[in-house]
Amino acid sequence: MYVTGMNDSPSSRRTVFDDEHEAFRDSFRTLLHRRVIPEYDKWEADGLVPREVFVDAGAHGFLGMAVDDEFGGGGVDDFRFNAVMAEEVARAGVMSFGINLHNDICVPYFIRYAEDEQRRRWLPGLCSGELVAAIAMTEPGTGSDLAGITSTAVRRGDHFVLNGAKTFISNGMNADVVIVAARTDNGANRHGGLTLFVVERDMAGFSRGRNLEKIGMHAQDTAELFFDDVEVPVSNVLGEVNEGFRYLVSNLPQERMTIAVASAAAAATAVDLAVDYVSSRKAFGRQLSANQNTRFTLADAHVQTEVVRSFVDDCLRAHVAGELGADRAAMAKLAATEVQGRVVDKCLQMFGGYGYMAEYPIARAYVDARVQRIYGGTSEIMKEIIGKSLFDGVGRGAAS
């Protein structure tokens, strides 16, 4: 549900977006109002976004914007369009709509690493929405540790035989194509020997477990995936054999930017929700907004939101220019998701008991916010990346 307030025009005081991005924003917002928001409560209850919504999004040009137009994409490699959608999804409070997962995280692997035949086979469907994509990295025993992946794929003639299990896979129930990371060389070091495979919906031995119940983002299908002697053709290897770890690491900064952008927008929306509420609600004979504590709390939340959004915008510019490092992307995700958590919590408090009621958008914002500090690499992982970057070259410099 959209709210009107200080953030009603998200880019009114920002310079990262151009007029074409704002026109795109208006079009995407129309899709959300027409197709997503009216049905969203039902999807939350069902635990699934209907597949036809992706087809509708594709028909209106909201899938595969960076894909060449010969495959049905937009032909424009500008991540700011993706960022606009992440902001609008967060602003509308429909965080379970996994369009950014499809566009920002999965499709780039096909663009960068697929061969010509694979592009012809998969990209048109990924752009039209007829193919929904997921990526399967996380395993029950590994969490954020990509080097600890234990799923295996053994070459047998013109197939690889894939075995293993993945968990917490977003779009896992809807997905027609799943990028699966598996170990193809057990003799390699922990950061080598991984390969990416495209597992298709109807492959024998590929099965889905539960659509996992979560405390938030209920409409986002999050699944367990199982691979029992799945024969994956060599033609479904994505990129080079044993190069999977490098591919995964190189794509993580963009995933973290998507999360950071959404978190900054969600925090700003929470402030708007709280401002609207305290402006109309009375307690003890006076408007809540007349209380100094209310104004101070929301002023602090607003400042935190504006500061982190400025930093995220700066990182967004760097990413579009091809200059964003892994450490800066980690900073953006860490800062934005932590601010989101603090701000949404403070804003919910403004609602009193009503903030705990599921029918209020602030309640949904609260439970949806929690996972932002977990997926895409936990806050602790972000700190480790940033901490290591501080000391890169320090020892060498001291010794020289």
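Quote the charge dipole size of the chain about the Cα centre in Debye, to the nearest 20; the model charges only the Cβ of Lys and Arg (+1) and of Asp and Glu (-1).
In total the dipole reaches around 1400 debye.
Shape of region 227-382 from its Cα gyration tensor (a ≥ b ≥ c, root eigenvalues): rounded if a/c is under 1.5, otherwise prolate when a/b > b/c, or oblate?
The shape class here is prolate.
Run lengths n ≥ 4 of DSSP H only: what is the helix-derived mean residue ellipticity at 222 nm for the chain, with -39500 (n - 2.57) per run over all residues, to the nearest 500?
That calculation yields -15000 deg cm²/dmol at 222 nm.
Note the listed values [x] 97, 47, 37; [y] 79, 61, 40; [z] 60, 50, 47, then indicate which one is Cα extents along the principal axes in Å calculated from this particular structure.
[y]
Sorted by accessible area (1.4 Å probe), largest first, how do TYR40, TYR375, TYR356 line up?
Reading off the accessible areas and sorting them downward yields TYR356, TYR375, TYR40.
Which of the peptides 211-222, 165-176 is most tightly packed, and how do the rest follow, judged by the mean count of other Cβ atoms within 10 Å per residue?
In descending order of packing, they fall as 165-176, 211-222.
Would region 70-183 count as rounded, prolate or oblate if I go by the C-alpha gyration tensor, calling it rounded below 1.5 in a/c and otherwise prolate when a/b exceeds b/c, oblate otherwise?
Verdict is oblate for region 70-183.
Just order 199-210, 314-325 by mean Cβ neighbour count inside 10 Å, highest at the front, would you?
Top to bottom by mean Cβ count within 10 Å: 314-325, 199-210.
Using Cα-Cα distances under 8 Å and only pairs 6 or more residues apart, what relative contact order does the chain have, in percent?
This gives 16 percent for the chain.
On a 0 to 90 degree scale, rounded to 10, what angle separates helix 244-280 from the longest Cα axis of the chain?
Helix 244-280 and the main axis of the chain meet at about 20 degrees.
How many lysine pairs does region 255-400 hold where the Cα atoms are under 23 Å apart and the two sit 8 or more places apart or on different chains?
Qualifying lysine pairs in region 255-400: 4.
Within region 274-301, name every residue whose backbone N is under 13 Å away from a label modeled 7 Å from Cα of ARG13 along the Cβ vector.
Zone members listed by number: 299-301.
Angle, helix 326-350 long axis vs. longest principal axis of the chain, Cα atoms, 0 to 90°, nearest 10?
So the inclination is approximately 40 degrees.
What distance in nm separates the two pseudo spin-label positions at ARG155 and ASP41, each 7 Å out from Cα along the beta-carbon direction?
5.6
The values are calculated or read from the model by the stated rules, or taken from the named source; none is laboratory data. Please read these numbers as outputs of a predicted model, since none were measured by experiment. Positions of Cβ are backbone-derived with ideal geometry, glycine not excepted, and every protein chain shown enters the neighbour counts. Surface areas here come from the heavy atoms of the whole protein model, side chains and all, with no ligands, DNA or RNA. Shrake-Rupley method; radii C 1.70, N 1.55, O 1.52, S 1.80 Å.
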